[in-house]
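Heads up, the thing below is written out as structure tokens.
Since every read-out is calculated from the coordinates, none of them should be taken as a lab result. Fair warning: this is a prediction, and the values are worked out from it, not measured in the lab. So basically every Cβ, Gly included, is an ideal-geometry build from the backbone, and we count neighbours across all protein chains shown.
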Amino acid sequence: MKLTKQAIAEHNESLAKTHKKQFDYVAESVHDLKAVLQKLVDFQVAIPSWALGSGGTRFGRFPGGGEPRNLEEKIEDIGLLHALNQSSGAVSLHIPWDIPKDINATRTLAAMHGIKFDAVNSNTFQDQPDQSLSYKFGSLQHVDKAIRRQAIAHNIEVIKHGVDLGSKSLTVWLADGSCFPGQLNFRKAFQRTLESLQEIYAALPGDWKMFVEYKAFEPNFYSMTVGDWGQSYLYASKLGPKAYTLVDLGHHLPNANIEQIVSLLLMEDKLAGFHFNDSKYGDDDLTVGSINPYQLFLIFNELVEGMDARGMNHATDLGWMIDASHNVKDPLEDLLQSVEAIMIAYAQALLVNTKELKAAQDANDVVKAQEVLQTAYRTDVRPLIAEARKQSGGALLPLQLFRTLKVRDELIKERGKKTVATGL
Ligand code: PSV
Ligand code: MN
């Protein structure tokens, strides 16, 4: 299905009057409105190729129909999202789920939709049908050198696919760890993992980055070999300047102060970027901003402050990706909501009065500091985001237009009710 410019124009026209009223109201209080709008226009969030179909739990999966059946259809789906919101101009691929059959055709298709290739992800957390050795007891940490070699070779193959596509980074997330005390020698597991990562690092092209993603638990429940930001930071520091720590919001233990983690990683120039999602209990992979939007705002507040302090480009200097799973919602609707939540948090962070905040901090005025942050957080910035979208050719209300045009019904007509997307 292709979304026409005319459909978007008609939608925007029908909402023009209401939008103008709402936009003018908020715009009045925004300092340097033009710059804020430009930053919102520039900001792009990569869509994970594995989140375009229904997820599931170990108890079941309830597909909604019209899921993309191959990489081409995944790119087409992201094209739909991008046409609607103009903020989803990138895809993050997972190998071997998304190995392109024809590189040139894949690149052309993505370019047609205005989509770039963000980080490529390796997968040593599952055994593939044609794989000779099993990852049951780990991959890069495995006691058996042959298994480590296989996992290293896989990561190097992923880099090659990424190079062909124009990606510039590899994300390594390891399921490695242990389920029971005594199962693993922590120090040796760390050293073996480090050695394996060093071989992969050595295969990175000069302008590439390696993102080391951490996770507190699951699938291993006693220890994870890259279990928290400290461990990831250790690997990244020992590997060298091209290695960074990737923060997946769902990969922390409850109540972790993620914004502080982000601030310090940024200070050390070791923050790779994000896998955005939300959670109440663990790695729930829920819609971004659906549970704790204030935390998301606080994270963006640290990001904007820290990136500005280092003279970084908000849009391009870190990797912005979603990592979610959709069990009860239409995946495309969920992704539209997620991107919107990210843009809201980012826009609110751009509105923080940094001078007032600094003055409050320097004077130990705790009340004022909270007031400054919450004044920005409680501003309804949605009309600003809608305006940025409109200026880039997107829809004022992407989700509303998605429903008006019955996009999912169209996809079901094209692809059928019982289609299955690769991924989790
Ligand atoms: C693991 O939970 C994770 O967050 C990693 O990023 C994986 O690559 C992704 O989910 C998909 O399984
Ligand atoms: Mn992740």
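Cross-link list 160/238; 21/116; 145/238; 2/160; 188/242; 280/358: which exceed 29 angstrom alpha carbon to alpha carbon? Flagged as over cut-off: 21/116; 2/160; 280/358.
Other residues lying with their Cβ under 15 Å from the Cβ of residue 128 contribute a combined charge of -3, Lys and Arg counting +1, Asp and Glu -1.
Overall dimensions of the stretch 53-163, expressed as equivalent-ellipsoid semi-axes from the Cα gyration tensor (√(5λ), whole Å, largest first), are 29, 19, 11. Straight Cα distances below 19 angstrom link residue 136 to the aspartates and glutamates 127, 144, 176, 218, with same-chain residues fewer than 8 positions distant left out.
Hey, how many Å between the Cα centroid of the stretch 392-424 and the Cα centroid of the stretch 123-145? Spelled out, the Cα-based centre of one part sits 36 Å from the other.
Less than 5 angstrom separates the built amide H of residue 94 from those of 49, 121, all sequence-distant by 5 or more or on a different chain.
Less than 15 Å from a label point 7 Å out along the Cα-to-Cβ axis of residue 256: which backbone N atoms in the stretch 103-132 qualify, by residue? Of the residues in the stretch 103-132, none has backbone N under 15 Å from the label point off residue 256. Averaging the sequence gap over all C-alpha pairs within less than 8 Å and six or more residues apart, then dividing by the number of residues, gives the chain a relative contact order of 24 percent. The alpha carbon radius of gyration of the chain, expressed as a multiple of 2.2 N^0.38 Å, is 0.99. Summing charges over neighbours of residue 38, with a neighbour being any other residue whose Cβ is under 12 Å away from its Cβ, gives -1 when K and R count +1 and D and E count -1. With the biggest extent put first, the Cα atoms of the stretch 314-392 measure 48, 31, 27 Å across the principal axes. Net charge of the neighbourhood of residue 207, taken over other residues with C-beta under 12 Å away and scored Lys/Arg +1, Asp/Glu -1, is +3. Of all aspartates and glutamates in the structure, those lying under 13 Å Cα to Cα from residue 5, and not within fewer than 8 positions of it along the same chain, are 13.
The distance separating the Cα centre of the stretch 311-357 from that of the stretch 46-71 comes to 21 Å.
Bridges between two residues of the chain, per DSSP, are antiparallel at a rate of about 15%.
Report note on the peptides 309-320, 399-410: ranked by the mean count of other C-beta atoms within 10 Å, highest first, their order is 399-410, 309-320. Under a 5 Å amide H cut-off, with hydrogens placed 1.01 Å from N, residue 272 pairs with 245, 246, 247 among residues at least 5 apart or on other chains.
When the Gaussian network model of the chain links Cα atoms closer than 10 Å, the mean-square fluctuations of 118, 278, 127 top out at 127.
I need the shape label for the stretch 170-317. Rule: rounded when a/c is under 1.5, else prolate if a/b > b/c, else oblate, with a, b, c from the alpha carbon gyration tensor. The shape class here is oblate. The GNM of the chain, with springs linking C-alpha atoms under 10 angstrom apart, assigns the highest mean-square fluctuation among 227, 79, 206 to 206.
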